[in-house]
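Okay, so here's the structure we're looking at.
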Amino acid sequence: MSSLSKLLKEALAQPPSAAQARPAKLKRHLLVFHTEKGYRLCLKHLRANKVHPFKAIRCLRAVLCRFPLHADLTPLRQHALVKRVEADRRLRIHNVGPRSGSRARLHASCASNRPPQVVPWGIRRIGAPLLFSRNQGKQIRVAVLDTGIARHPDLKIAGGVNTIDGGSSLDDNGHGTHVAGTIAALNNRFGVVGAAPRASLYAVKAFNQFGTGYVSDLVEGIDWCIRNRMQVINMSFGLLTNSPSLRTMIRKAHKQGIVLTASAGNNGAKSGGLDYPARYPETIAVAASTREGRIASFSSRGAGIDVAAPGQAICSTYLNRGYASLDGTSMACPHASGTAALLLRANPRLTPARVKKLMKATARPLKGYSPLAQGAGVLNAARAVRLA
């Protein structure tokens, strides 16, 4: 069998046309190894041959490489040291509001930077304010795996990381900041209030300013959450196909006792199923409901939905110290994350499976919708915490 170094050299070799002025198109793949030996051999070859850019992902014993578009990776896949060669798939955040880069719809009651405090309809609908006199999710560590979190007077950020390039974890899109506000906007005298206003927010930036990211960045983000002992991870994004690497990390986080919430997807009634990671049984898959007590038309349907939560016209924190109203299962998911923080504050011994069970057992079913649309029904944080 050919040596790993030789196979890497052949796969990474640029075709003759690459010598021309126009650079060759490249494709991103993760090389995942069975053992530490293969992982280290790969890194040694890449460094010796000054192959850049690449990323070492220790938690998976994987290396991210960029291969020429038409490179034949079959010999690498068949090498004894290689566990798999996986495309580093691109994925998007799950909001159906304004497209990235455009202006968000300003909420009527949140038009200024410091408006009098309002309780968003979604927070009120799940009953979170009924708990605030005794439970606001104090010090429960919640990671927002998203576009980052912007500095905002209505948010208190405890820390964060950027897994894209190691730079700032500040938000340059708006999505992550909006999600963070629904989870834990402060219970002060202005702006909005989140489901768990005293939870500790952590920004795990794995998506760029356009709301796109790669599996490799998510893998590193989840690994950071495990190493830094996060208790809840909010995942308001989706992938149409399964990623074995993402699956591995979801399982690892779940085994470490982390509650994982995931948005179901925005593909509507004819979606044919949920997006990943919401399809994974370790997650709490969240559909979107409306103020009128319906399941939102954009909310994906399919087996595996656990609960629904408010996801239309959701007012929350945004860029430039402002507030905005957005739609999407992205906006529904953080209601579940905030509820998880309240549950863990009420009973720190709860397992992820028990948190999910409590949410489902206390949800309010909507008339006229099957479990394929709403799961057990609309989230009820107040009832769930009473049973914790």
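A single member of LYS50, LYS55, LYS83 is outside the structural domain of ILE164 (by TED's automatic domain parsing) and free of Cβ contacts under 8 Å to residues at least 12 places away in the same chain, and it is LYS50.
Could you grab me the full set of residues in the range 313-332 that are in a loop (DSSP other than H, G, I, E, B) and farther than 23 Å from ASP275 by Cβ?
Listed by number, the residues that qualify are TYR318, LEU319, ASN320, ARG321, GLY322.
Restricting attention to the range 293-335 and to residues that are among the basic types (Lys, Arg) and farther than 22 Å from ASN188 by Cα, the residue that is surrounded by the fewest Cβ atoms within 10 Å (Cβ to Cβ) turns out to be ARG294. Within the range 251-260, does at least one residue satisfy the condition of being in contact with a Ser or Thr (Cβ under 7 Å, 6 or more places away or on another chain), crowded, with 22+ Cβ neighbours inside 10 Å and under 27 Å from VAL32 (Cβ atoms)? Checked the range 251-260: at least one residue is in contact with a Ser or Thr (Cβ under 7 Å, 6 or more places away or on another chain), crowded, with 22+ Cβ neighbours inside 10 Å and under 27 Å from VAL32 (Cβ atoms).
Of all the residues in the range 336-384, those that are touching a Ser or Thr at 6+ places or on another chain (Cβ under 8 Å), among the aliphatic types (A, V, I, L, M) and in contact (Cβ under 8 Å) with a residue 60 or more places away in the chain number 8.
The residue list LEU372, LEU358, LEU342 contains one member that is in the same structural domain as ASN188 (by TED's automatic domain parsing), modelled with pLDDT of 95 or more, part of a helix (DSSP H, G or I) and under 17 Å from ARG279 (Cα atoms), which is LEU372. Within the range 25-61, the set of residues being part of a strand (DSSP E or B), surrounded by 15 or more Cβ atoms within 10 Å (Cβ to Cβ), touching a Phe, Trp or Tyr at 6+ places or on another chain (Cβ under 7 Å) and not aromatic (Phe, Trp, Tyr) comprises LEU26, ARG28, HIS29. When the range 168-196 is limited to residues that are more than 14 Å from GLY122 (Cα to Cα) and out of contact with any Asp or Glu (no Cβ under 9 Å at 6 or more places or on another chain), the one that is surrounded by the most Cβ atoms within 10 Å (Cβ to Cβ) turns out to be GLY174.
Scanning the range 221-244 for residues that are surrounded by fewer than 22 Cβ atoms within 10 Å (Cβ to Cβ) and either more than 20 Å from THR339 (Cα to Cα) or aliphatic (A, V, I, L, M) (or both) turns up ASP223, TRP224, ILE226, ARG227, ASN228, LEU239, LEU240, THR241, ASN242, PRO244. Test LEU201 against the stated conditions and say whether it is surrounded by fewer than 24 Cβ atoms within 10 Å (Cβ to Cβ), in contact (Cβ under 8 Å) with a residue 12 or more places away in the chain, assigned by TED's automatic domain parsing to the domain that holds ALA128 and touching a strand residue (DSSP E or B) at 6+ places or on another chain (Cβ under 6 Å). No, not satisfied.
Residue-wise test of (1) aromatic (Phe, Trp, Tyr); (2) free of Cβ contacts under 8 Å to residues at least 60 places away in the same chain.
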{"position": "ARG141", "(1), (2)": "no, no"}
{"position": "ASP165", "(1), (2)": "no, yes"}
{"position": "HIS175", "(1), (2)": "no, no"}
{"position": "HIS178", "(1), (2)": "no, no"}
{"position": "THR182", "(1), (2)": "no, no"}
{"position": "PHE190", "(1), (2)": "yes, no"}
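Does ASN228 satisfy the criteria of being of a type in the set (S, T, N, Q) and more than 10 Å from the chain's Cα centre (by Cα)? Yes: the conditions hold for ASN228.
The values are calculated or read from the model by the stated rules, or taken from the named source; none is laboratory data. This structure is a prediction, so every number in the text was calculated from the model and none was measured. Glycine gets a Cβ as well: all are built from the backbone with ideal geometry, and neighbour counts include every protein chain shown.
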